[in-house]
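Novice: I'd like to ask some things about the structure below.
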Amino acid sequence: MVRPGSPVLQDANDWPNVIKFPDVEGMDWKSCAELNAPLNKTERAFKICFQNGLFERLISFMDFEGAALAIVDDEQKDAIHALFAKLCDMYEAMITKYMECLDIDGVMFHDDWGSQRAPFFSQDTCREMLVPYLKRLADFCHSKGLWFEHHCCGKNELLVPCMVEAGVDIWMGQPMNDTDMLIEKYGDKIMFGVYPPETSASMSDEEIDRIAREFAEKYAPNLGKKPVVMVNFMSDPRLWPKIYEYSRRIIAGELVPTSR
């Protein structure tokens, strides 16, 4: 991002004369391939991440206030549509080049849409200004056999229908969102990230085991119809192998959840 206070773009209509796009073909893809070659051998899912996305990139050009006003200003909307289309050209070209040098499985597209309490904009604005381009990128990834993850911080429950309409495969929202409610409503259309309870190194093996089993019993029985992804940032390293074990046993029918 940028230090706010001196945006390079005061009016979105001026972007063709102000914003310079990089030469994707001229980037050092050879070094990229050499540096990341070991990752091509991993058996785990391998993704690339784009920072920043559409709205965040607009913020980097106009500062937050300018970007938030521009996407609802009828006199600037056409220019923003053209800018976002141009950005999609660049992202698609870069994904194509990444696929030439890396054995990737998916793409994470980074674009925060909300604060701790609410989205930055309405569903209508999101559908008009962002969904067409997010869908274009998701469709492009799907056409290449890649899954598409939307990294989107904030309390964005109200914008999940927009993500679904855009064809997003995965959203790992932050814990302030009512993830269980979202799974119930949309879990057959988009995959959500779920957070296990907090753990610590001071917990006993028995306590870790109990937490892991309860977590697996909550989500594993419905993984076939409503799959989820465990978000594992700071948990105790003993936790996720136990969740994996219990989930496999539940799915295989070897273990009947005690809560059912």
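Novice: Anything in region 55-77 that is without any contact (Cβ under 8 Å) to a residue 24 or more places away in the chain and open to solvent by 60 Å² or more (accessible area, probe 1.4 Å)? List them, or say none.
Specialist: Across region 55-77, the qualifying residues are Glu65, Leu69, Asp74.
Novice: With the structure loaded, tell me whether Asp180 is within 24 Å of Phe215 (Cα to Cα), of a type in the set (Asp, Glu) and free of Cβ contacts under 8 Å to residues at least 40 places away in the same chain or whether it fails that test.
Specialist: When the stated conditions are applied, Asp180 passes them.
Novice: May I pose another question? Scan region 47-54 and tell me whether some residue there is assigned to a helix (DSSP H, G or I), among the hydrophobic types (A, V, I, L, M, F, W, C), open to solvent by less than 80 Å² (accessible area, probe 1.4 Å) and within 18 Å of Val18 (Cβ to Cβ).
Specialist: Within region 47-54, one or more residues are assigned to a helix (DSSP H, G or I), among the hydrophobic types (A, V, I, L, M, F, W, C), open to solvent by less than 80 Å² (accessible area, probe 1.4 Å) and within 18 Å of Val18 (Cβ to Cβ).
Novice: Can you pull out every residue in region 232-260 that is part of a loop (DSSP other than H, G, I, E, B) and either surrounded by 10 or more Cβ atoms within 10 Å (Cβ to Cβ) or of a type in the set (Val, Ile, Thr) (or both)?
Specialist: Asn232, Ser235, Asp236, Pro237, Arg238, Leu255, Val256, Pro257, Thr258
Novice: Out of region 84-127, which residues are in contact (Cβ under 8 Å) with a residue 40 or more places away in the chain, within 25 Å of Leu158 (Cβ to Cβ) and part of a helix (DSSP H, G or I)?
Specialist: Phe84, Leu87, Cys88, Thr125
Novice: Filter region 173-231 down to the residues that are within 21 Å of Phe109 (Cβ to Cβ) and among the polar types (S, T, N, Q), then identify the one that is most open to solvent (accessible area, probe 1.4 Å).
Specialist: Gln174
Novice: Is there any pair linking a residue in region 241-260 that is more than 18 Å from Lys226 (Cα to Cα) to one that is among the charged types (D, E, K, R), with Cβ under 7 Å and at least six apart or on different chains, and which?
Specialist: Short answer, once both residue conditions are applied: Lys242/Asp209; Leu255/Arg249; Thr258/Glu217; Ser259/Glu217.
Novice: Applying the selection to region 140-149, what residues are open to solvent by less than 70 Å² (accessible area, probe 1.4 Å) and part of a helix (DSSP H, G or I)?
Specialist: Phe140, Cys141
Novice: Then there's this: Which of the following residues is touching a Lys or Arg at 6+ places or on another chain (Cβ under 8 Å) and surrounded by 13 or more Cβ atoms within 10 Å (Cβ to Cβ): Val24, Val8?
Specialist: Unique residue meeting the criteria: Val24.
Novice: Find all pairs meeting these conditions: Cβ atoms under 7 angstrom apart; at least six residues apart or on different chains; first residue within region 3-30 and without any contact (Cβ under 8 Å) to a residue 24 or more places away in the chain; second residue surrounded by fewer than 10 Cβ atoms within 10 Å (Cβ to Cβ) and part of a loop (DSSP other than H, G, I, E, B).
Specialist: none
The values are calculated or read from the model by the stated rules, or taken from the named source; none is laboratory data. Note that this is a predicted model, so its numbers are computed, not measured. Cβ: placed from backbone, ideal geometry, glycine included. Neighbour counts: every protein chain shown. Remember, those area values only see protein heavy atoms, side chains included, never the ligands or the DNA or RNA. Shrake-Rupley method; radii C 1.70, N 1.55, O 1.52, S 1.80 Å.
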